[in-house]
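What follows is a short report on a single structure.
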Amino acid sequence: MIANLKESVARATGWLTEIAQVKDNQPIGRHGEKMPTTFWHGAIQGEYRASTKQWGCLCPIWHTGQTVKALVMAVDALNRPELLKAAEFSAEFIMHNRVMEGSDQGLILAFEDNPDKVNTSAMLESIDGLFYLSEANGDMSYKDAAISALRWVANNAWQPEDKLFNDIYDPDTKEFLFGIRGSQGRPLLDDAVF
């Protein structure tokens, strides 16, 4: 049974690194082309439709962060240290798509359903991978980026009086949007990174 589980994990990591990982710096599908993202290396494609043989693009930051976490965990599980390099390659997609200065410093540009709006939930989902990678390779820049992103969320999205998060942020106007499904007062299960 353990051998079957390891084989499944090996196949899954192969899918991630050989098929789903963007290596040509091209946006993912039509939705990705609408995102103000210029660095796509290492992004993880999601929502493959076998019927059309096309990839969709639902929050590549989120899927990439979760992939980084999975690859780091697979290093020990499969005794495959080369997977750490694949995790680092994908993490660069997250590291290149964040705000480095100004009032939004730390914000990870986790575009999702609205291609030019950041989704707090998706941003939080990406952070776990950065913590795992930093612990695995000793590079504190990943941990620092994760902490900076958490500071941004705590200072901007968190509603302490209601104990909920605002979820859809426009980085151009620097305002949260409301009246959109899931945009305000959303309890997030992925806030465990705090």
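Only the coordinates and a few stated rules stand behind these numbers; no lab work does. Owing to the predicted nature of the structure, the values given are computational and were not obtained by experimental measurement. Cβ: placed from backbone, ideal geometry, glycine included. Neighbour counts: every protein chain shown.
Computed over the Cα atoms of segment 2-193, the ratio of the radius of gyration to the Kirkwood radius (Rg/Rh) comes to 0.98. Taking Tyr169, Tyr48, Tyr132 as the candidate residues, the one with maximal mean-square fluctuation in a Gaussian network model of the chain, Cα springs under 10 Å, is Tyr48. Could you work out the relative contact order of the chain, using alpha carbon pairs under 8 angstrom and six or more residues apart, expressed as a whole percent? Taking the mean separation of contacting Cα pairs over the length of the chain, I get 17 percent. Applied to segment 54-61, the Karplus parametrisation 6.51 cos²θ - 1.76 cosθ + 1.60 on θ = phi - 60° returns per-residue 3J(HN,Hα) values of 10, 8, x, 9, 9, 6, x, 4 Hz, with x for Gly and Pro.
Take the Cα of Lys174, step 7 Å toward its Cβ, do the same at Ser103, and the gap between the two points is 0.2 nm. Here r is the Cβ-Cβ distance between Lys6 and Glu47 and R0 is 41 Å; the resulting FRET efficiency, rounded to 0.05, is 0.95. For the options Glu88, Glu125, Glu33, a Gaussian network treatment of the chain with springs between C-alpha atoms closer than 10 Å singles out Glu33 as fluctuating the most. Using the Cβ-Cβ distance between Asn155 and Glu82 with R0 set to 41 Å, the FRET efficiency works out to roughly 0.60.
Considering the chain as a Gaussian network with a 10 Å cut-off on Cα pairs, which listed residue, Phe111, Phe93, Phe176, attains the greatest mean-square fluctuation? Most flexible of the set in this elastic network: Phe176. Summed over qualifying helices (DSSP H, 4 residues or more, each -39500 (n - 2.57)) and divided by its residue number, the chain shows a 222 nm mean residue ellipticity of -14500 deg cm²/dmol. Past 20 Å, Cα to Cα, is the threshold; run Lys23/Lys143; Lys117/Lys143; Lys69/Lys143 against it and keep the listed order. Flagged as over cut-off: Lys23/Lys143; Lys117/Lys143.
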